[in-house]
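My questions will all concern the structure given below.
The values are calculated or read from the model by the stated rules, or taken from the named source; none is laboratory data. Small disclaimer: the values here were computed from a predicted structure and weren't measured. Cβ: placed from backbone, ideal geometry, glycine included. Neighbour counts: every protein chain shown.
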Amino acid sequence: MTDLDLRLVRYFTAVAAHLHYGRAAAELHIAQPSLSRQISQLEAQVGSRLLDRTRQGTRLTEAGEAFLPLAHELLRSSEQATAAARTAARPTRITVGYTASLIVTPAVQNLRHKHPDADVRTLHLEWNEPRDALLDRRVDAAITRLPLHTDGLHVTVLYDEPKLLLVPLGHRLADKESVTLDDIDEEPIPRFPDPQFDAYWRIDPRPGGRPAPDGPPAETIEDKLEYIAAGQAVAIVPAALFAAGVRPDLTTVPLHGVEPGHVVVATREGDRARLVAAFRTSARDCLSG
C-alpha cells in the first residue's frame, strides 16, 4: 500500500489545471525545476506517468485523466477532516460567510454580545461559493441570496429584495421611471454557467413559456458588468448590490412585475453546534426586514 503525499497531489492538480508547469509553479510559489521533481516523485508513488510534456505543451496521460477527479476528492476530504477536527477542538469558534453587498454586521455583533467567549469570524464569499464553503466547513453559516442548491443545507428566508434592471448610461431605458419584462423582451442578458442561477436571473422561461433572450457567457459578475457597460447586454440584479452604483457608466431602473429576490441564512443540515443555532437566531432577529 502506497501512502500518497497530499502536498504532491496538490501540486499535480495545479499543473493539471494550467497544463503548464511555469504557470503552476508561479501559483504554488515554487521553482519550476522543483515542481517537475515533485511531480516525478508523485508518479513514482502512484506507479504511473500522469503528465506528458510535448512540443505542443503539457497534457494529462490516460492515467492522469483517471487520477485527477480522485485527487480533487482526496484534497477535499483532507480539508473537511481538518476543518472538522478544528471545529471539535474549538467549539467556541464560528465563521460566518456572506456574499456581495449583504451586511452581516448587526447579527455578528449581536452574537458577540450574547456570547462574549466566542471567536466570531466573517468571510466574504463569491456568488457561487456558499454551499461548497458550508459543506467544506470553511464557514459555519452563510448569508446569501437564492437561488441556492439546498441539498445538505438548512435554509431560512430572512427578507425579500427588489430586483432592478442594470443598463449602461445612454441606454434607451436608462431614464425610465420603471420597466417590465416586456420592455426587455429582445434585450440580451449575460448567461452564467450554473443552470439554476442562470435561469433565475434571466427569468427563463418568461411568462407564457417563451425563452429569455440569449446573451454572452459570463463566468463572473465582473464579466457581466463589462458586457453591460459595452452595450452588449442588460441584466436583472438584486437591489442592494447596485443601489449605491458600482461604476459610473452603469445605472439601474426599477423592474416591476417580477417576483422579488430572497436573502437567506444557510447552515449545514443537522449541525447542532450552539453557536450555529445562536447565529441563526441573531440573523432572524437582526437582519430580517
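Restricting to segment 252-289, count the residues that are modelled with pLDDT under 95, polar (S, T, N, Q) and surrounded by 16 or more Cβ atoms within 10 Å (Cβ to Cβ).
Adding up the residues that qualify gives 1.
Residues of segment 142-152 being in a loop (DSSP other than H, G, I, E, B) and within 22 Å of THR122 (Cα to Cα), which ones?
LEU146, PRO147, LEU148, HIS149, THR150, GLY152, listed by residue number.
From VAL139, VAL155, grab the single residue that is outside the structural domain of ALA212 (by TED's automatic domain parsing), part of a loop (DSSP other than H, G, I, E, B) and either among the β-branched types (Val, Ile, Thr) or surrounded by 14 or more Cβ atoms within 10 Å (Cβ to Cβ) (or both).
VAL139
Residues PRO211, PRO190, PRO205: which one is at pLDDT 90 or above and crowded, with 21+ Cβ neighbours inside 10 Å? Steps first, please.
Working: PRO211 fails: crowded, with 21+ Cβ neighbours inside 10 Å; PRO205 fails: crowded, with 21+ Cβ neighbours inside 10 Å.
None of the other options fit; the residue is PRO190.
Sticking with this one: Need a quick list: helices (runs of 4 or more DSSP H) entirely within segment 1-86 having at least 2 residues that are in contact (Cβ under 8 Å) with a residue 40 or more places away in the chain and surrounded by 12 or more Cβ atoms within 10 Å (Cβ to Cβ).
Qualifying helices (runs of 4 or more DSSP H): 6-18, 32-46.
Please verify whether ALA142 is among the aliphatic types (A, V, I, L, M) and either without any contact (Cβ under 8 Å) to a residue 60 or more places away in the chain or touching a Pro at 6+ places or on another chain (Cβ under 9 Å) (or both), treating the condition exactly as stated. If you could, list the steps in order and put the result at the bottom.
Values: among the aliphatic types (A, V, I, L, M): yes; either without any contact (Cβ under 8 Å) to a residue 60 or more places away in the chain or touching a Pro at 6+ places or on another chain (Cβ under 9 Å) (or both): yes.
It is true that ALA142 is among the aliphatic types (A, V, I, L, M) and either without any contact (Cβ under 8 Å) to a residue 60 or more places away in the chain or touching a Pro at 6+ places or on another chain (Cβ under 9 Å) (or both).
Inspect segment 219-235 for any residue being crowded, with 18+ Cβ neighbours inside 10 Å and of a type in the set (Asp, Glu) and give the result as yes or no.
Looking for residues that are crowded, with 18+ Cβ neighbours inside 10 Å and of a type in the set (Asp, Glu), one finds none in segment 219-235, hence no.
Only one of ALA277, ALA212 is in a loop (DSSP other than H, G, I, E, B) and either touching a residue at least 24 places away in the same chain (Cβ under 8 Å) or aliphatic (A, V, I, L, M) (or both). Can you tell me which?
ALA212
Confirm whether PRO106 is surrounded by fewer than 18 Cβ atoms within 10 Å (Cβ to Cβ) and either without any contact (Cβ under 8 Å) to a residue 24 or more places away in the chain or not in a loop (DSSP other than H, G, I, E, B) (or both).
Considered against the rule, which asks whether it is surrounded by fewer than 18 Cβ atoms within 10 Å (Cβ to Cβ) and either without any contact (Cβ under 8 Å) to a residue 24 or more places away in the chain or not in a loop (DSSP other than H, G, I, E, B) (or both), PRO106 comes out as yes.
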